[in-house]
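A.B. asks: My questions all concern the structure below.
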Amino acid sequence: MLALGKLLELTLAGREPAEKTQLTVDGVRMRWLGEGALEVRPPEARDNGMDLLLSAGIHGNETAPIELLDELLHGIARGEIKPRARILFLFGNPEAIRKGERYLEQDVNRLFNGRHELSSGTEALRACELERLATTFFSVPGRTRLHYDLHTAIRGSKIEQFALYPFKDGRQHSRRELARLRAAGMEAVLLQSKTSVTFTAFTYETLDAEAFTLELGKARPFGQNEQVNLERLETRLKQIIEGNEPEAPEALDGLQLFSVAREIIKHSDSFHLHLPADIENFSELSKGYLLAEDLSSTRWIVEEEGARIIFPNPKVKNGLRAGILIVPTTPDQLA
């Protein structure tokens, strides 16, 4: 296997490869762009016009997606997977990956769309570098742009695998992409309703890619991901890479759709979230429930029918989101 196919090994060791560019036996070009970053380019005659960005490890302890990208790269380097798409593989936060931590000082996935410019430190610099790599990769006009940012969650979930679809004013959510997500094993999609500072928000809003954050189960250490079943996602990613996805109608049967009702923002150290510490994502909340309190008698009371909570985290820094209140929606309400 080509040495550049071992991007994860290089990243974990903090090493640069001796050769920065290598070719597989069937002419696929692999090019090391920097720590945790590798471009794969098919032979020109086989290129189908797809630019695919696959990122994982934005949070360093989310190892199942990292292992999945590692397997895909091994397959390409061995010549077992024959790309027709250009691909950029990114391991988002190498130092946190090496330490097995979610992040070192700052959550990298809250530092995009210019947010890193208001901060400092290695993780703000890394967010800036990831934006640069993605911008360069998606700079070729006339090509299809797709970004999957792969994650696992810090808590359990009543819906194991789901996606978050960013928002841009005036841009419609794609039924075709939702159907592709369903085929990849996603059980639900959260349709966001405001701009954000995540990596996929940047590639969606700024670079005009179709972009999705995929939550794929619970975060576990390397080698302990037997319970995270990524077979359907791996199959679909191979099909996208090789350009042989099955023709399928844009059917969304069985895919649960949700929209954001409200974000719960932590304003001060007095913030209190009235939820059990082990509550799962997508847990239903009854109407009238006192969800959270903060300074100046600020209170969040559930007013929506069918409301559920995702990503509750009272330990975030002041000014950041401590949870999202979501409600069911239907395909005919797609923006």
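The values are calculated or read from the model by the stated rules, or taken from the named source; none is laboratory data. Being a predicted model, the structure only gives us computed values, none of them experimental. Cβ atoms come from the backbone with ideal geometry, glycine included; neighbour counts cover every protein chain shown. Accessible surface areas use protein heavy atoms only, side chains included; no ligands, DNA or RNA. Shrake-Rupley method; radii C 1.70, N 1.55, O 1.52, S 1.80 Å.
A.B. asks: Would you please name the residue that is nearest to the chain's Cα centre (by Cα), looking only at residues in the range 30-61 that are assigned to a loop (DSSP other than H, G, I, E, B) and over 21 Å from residue 238 (Cβ atoms)?
C.D. replies: Restricting attention to the range 30-61, the residues satisfying the condition of being assigned to a loop (DSSP other than H, G, I, E, B) are 35-36, 42-43, 47-49, 57-61.
Subset that is over 21 Å from residue 238 (Cβ atoms): 35-36, 58-61.
Numbers: 35: 19, 36: 16, 58: 8, 59: 10, 60: 13, 61: 14 Å.
The extreme case among them is 58.
A.B. asks: Looking at (1) at pLDDT below 95; (2) farther than 23 Å from residue 61 by Cα, which one does residue 229 not meet, given that it meets all the others?
C.D. replies: Only one criterion is unmet by residue 229, namely (2).
A.B. asks: Within the range 198-212, work out how many residues are open to solvent by less than 10 Å² (accessible area, probe 1.4 Å) and β-branched (Val, Ile, Thr).
C.D. replies: Applying the first criterion (open to solvent by less than 10 Å² (accessible area, probe 1.4 Å)) to the range 198-212 yields 199-201, 203-204, 209, 211-212.
From what is left, the residues that are β-branched (Val, Ile, Thr) are 200, 203.
The number of residues fulfilling the criteria is 2.
A.B. asks: Does at least one position in the range 105-119 carry a residue that is among the aliphatic types (A, V, I, L, M), more than 17 Å from the chain's Cα centre (by Cα) and modelled with pLDDT of 95 or more? Reasoning before the result, please.
C.D. replies: Restricting attention to the range 105-119, the residues satisfying the condition of being among the aliphatic types (A, V, I, L, M) are 108, 111, 118.
Restricting the remaining residues to those that are more than 17 Å from the chain's Cα centre (by Cα) gives 118.
Imposing the further condition that a residue be modelled with pLDDT of 95 or more reduces the set to none.
For the range 105-119, residues among the aliphatic types (A, V, I, L, M), more than 17 Å from the chain's Cα centre (by Cα) and modelled with pLDDT of 95 or more: absent.
A.B. asks: While we're looking at this one, here's another question. Please determine whether any residue of the range 82-103 is aliphatic (A, V, I, L, M) and open to solvent by 10 Å² or more (accessible area, probe 1.4 Å). Before you say what the answer is, go through the steps one by one.
C.D. replies: Residues of the range 82-103 aliphatic (A, V, I, L, M): 85, 87-88, 90, 96-97.
This time we only want the ones that are open to solvent by 10 Å² or more (accessible area, probe 1.4 Å), so: none.
For the range 82-103, residues aliphatic (A, V, I, L, M) and open to solvent by 10 Å² or more (accessible area, probe 1.4 Å): absent.
A.B. asks: Tell me yes or no: at least one residue of the range 23-43 is under 25 Å from residue 221 (Cα atoms) and touching a Ser or Thr at 6+ places or on another chain (Cβ under 8 Å).
C.D. replies: Yes, the range 23-43 has at least one match.
A.B. asks: Could you run through the range 123-137 and say how many residues are buried (at least 16 other Cβ atoms within 10 Å of the Cβ) and out of contact with any helix residue (DSSP H, G or I) (no Cβ under 7 Å at 6 or more places or on another chain)?
C.D. replies: 3
A.B. asks: Applying the selection to the range 298-335, what residues are part of a loop (DSSP other than H, G, I, E, B), free of Cβ contacts under 8 Å to residues at least 24 places away in the same chain and open to solvent by 40 Å² or more (accessible area, probe 1.4 Å)? Even if it seems obvious, please write down each step before you answer.
C.D. replies: Quick first cut of the range 298-335, residues part of a loop (DSSP other than H, G, I, E, B) only: 298, 302-307, 311-320, 330, 334-335.
Subsequent filtering for residues that are free of Cβ contacts under 8 Å to residues at least 24 places away in the same chain retains 302-303, 305-306, 315.
Within the range 298-335, 303, 305, 315 meet the criteria.
A.B. asks: Quick check on my filter: what residues within the range 264-297 are under 23 Å from residue 193 (Cα atoms), in contact (Cβ under 8 Å) with a residue 60 or more places away in the chain and open to solvent by 50 Å² or more (accessible area, probe 1.4 Å)?
C.D. replies: Of everything in the range 264-297, just one residue is under 23 Å from residue 193 (Cα atoms), in contact (Cβ under 8 Å) with a residue 60 or more places away in the chain and open to solvent by 50 Å² or more (accessible area, probe 1.4 Å), namely 280.
A.B. asks: Could you check how many residues of the range 231-284 are small (Gly, Ala, Ser) and either in a helix (DSSP H, G or I) or under 19 Å from the mean Cα position of the chain (by Cα) (or both)? Let's see the steps before the verdict.
C.D. replies: Applying the first criterion (small (Gly, Ala, Ser)) to the range 231-284 yields 243, 248, 251, 254, 259, 261, 268, 270, 277, 283.
Filter once more, keeping what is either in a helix (DSSP H, G or I) or under 19 Å from the mean Cα position of the chain (by Cα) (or both): 259.
Matching residues across the range 231-284 total 1.
A.B. asks: Filter the range 1-51 for residues that are within 21 Å of residue 94 (Cβ to Cβ), loosely packed, with under 13 Cβ neighbours inside 10 Å and hydrophobic (A, V, I, L, M, F, W, C) and give the result.
C.D. replies: Listed by number, the residues that qualify are 13, 18.
A.B. asks: A further question follows. Only one residue in 170, 217 is outside any strand (DSSP E or B) and surrounded by fewer than 23 Cβ atoms within 10 Å (Cβ to Cβ). Which one?
C.D. replies: Working: 217 fails: outside any strand (DSSP E or B).
Just a single option satisfies the conditions, and that option is 170.
A.B. asks: Let me ask something else about it. So, in the range 147-163, exactly how many residues are at pLDDT 95 or above and in contact with a helix residue (DSSP H, G or I) (Cβ under 7 Å, 6 or more places away or on another chain)?
C.D. replies: Residues meeting the conditions: 5.
A.B. asks: Pairs under 9 Å by beta carbon, first residue in contact (Cβ under 8 Å) with a residue 12 or more places away in the chain in the range 77-90, partner in a strand (DSSP E or B) and among the basic types (Lys, Arg), six or more apart or different chains?
C.D. replies: 83/41; 86/41; 87/41
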